[in-house]
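**Student:** Let me give you the structure first, and then I'll get to my questions.
FYI, it's all coordinate maths here, none of it is from the lab. What you see is a predicted model; the values in this text were computed from it and never measured. Here the Cβ positions follow ideal geometry from the backbone for every residue, glycine too, while neighbour counts run over all protein chains shown.
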Amino acid sequence: MLRFVIGSRGKLSVAAALVLCLLAWPGRAGLVDFSDKLLLYVENQWGREAVPRLKIWQKLVRDNKTVGVNGLALVNGFFNQVPYINDIAHWRVDDYWATPTEMLASFGGDCEDYSISKYLSLKDIGVPIDKLRITYVRAVNLGESHMVLAYYKTPDADPLILDNLVGDIRPASQRPDLEPVYSFNDDDLWTANGAGRKGGASNVRLWRELLQKLAREHAM
C-alpha cells in the first residue's frame, strides 16, 4: 500500500447537465491528470506538502489501471490514512462534499469525502460504476448519519463496505452497526435495501455541486 511520507496537515440545471456531459465525455482528462496550473493553485492554497500528496494518489491510480476489484483494499487503505476532520472545523460550513484533490491537499475530510474519493478512484482504475454505490447509513453506535462506499459483485450480492470507521473491508451482513438509508452512483439512486430506484444521482444537490468543482479543477 502506498503511504504518505510527508507532513500532515431536485432538478438538473442546464449548467449541471453540461458538467455531467463534460465528465462523461470519453476524451476528458483523467481524474489524476493534474495541470501545472492546478498544482500551482494547490500549493498556493495548502502549501508545498499538498502537491506530493496528490502525486502519490496519481501514482496509485496510474499504476493500478488494470487491477479492477483487487484495488478495493488498496484504495480503501490509502484514503483511510487521511485524518478525520468534520466540516465545521475544516470548511466552516455544516455540510461540504470535497473533491479528492481538496481532501488530499488539505489533508482532512469526513465520511462523505472518504466515500466519494474512494468511489471516483475505483471508477478511474476500471471498477464498473454499476458495482459501486455511495451509501448513506445510520451509524447505530454513534447515533448519527454516516456515509460509506458499497461494492456489489452482483446486483443482489451482500455488498462489501469500504468505511473510514472500520479499517478492514467487511460484507454488509457483518456490519450490523450500519443501517442503510439510500445509495447512489453516477447513474441511479436507490432507497434502503436496494428498493425503489428513483433516477440518477443528479437528484442529489451536493453531488451536482461536487461535479461542478471537479470540472473546474480539470479546466485549470
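**Student:** Within a Cβ distance under 11 Å of H90, other residues only, what is the Lys/Arg minus Asp/Glu net charge?
**Tutor:** Numbers: positive: R92; negative: D87, E102, D110, D113.
Once positives and negatives cancel, what remains is -3.
**Student:** Pulled fully out, how much extra length does the chain show between I129 and R205, if you take 0.36 nm times their separation in residues and subtract their Cα-Cα distance?
**Tutor:** Working: separation 76, 0.36 × 76 = 27.36 nm, distance 1.95 nm.
Between I129 and R205, full extension yields 25.4 nm more.
**Student:** Can you give me the distance in nm between label points at K213 and N86, each placed 7 Å from the Cα along the Cα-to-Cβ direction?
**Tutor:** 1.9 nm
**Student:** For the modelled label position 7 Å from the Cα of V181 along Cα-to-Cβ, which residues of the stretch 79-120 have backbone nitrogen atoms closer than 12 Å?
**Tutor:** 112
**Student:** From the Cα gyration tensor of the stretch 50-159, with a ≥ b ≥ c the square roots of its eigenvalues, which class applies: rounded if a/c is under 1.5, or else prolate if a/b is larger than b/c, or else oblate? Walk me through the numbers on the way to the answer.
**Tutor:** On the way: a/c = 2.34, a/b = 1.11, b/c = 2.10.
Here the stretch 50-159 falls in the oblate category.
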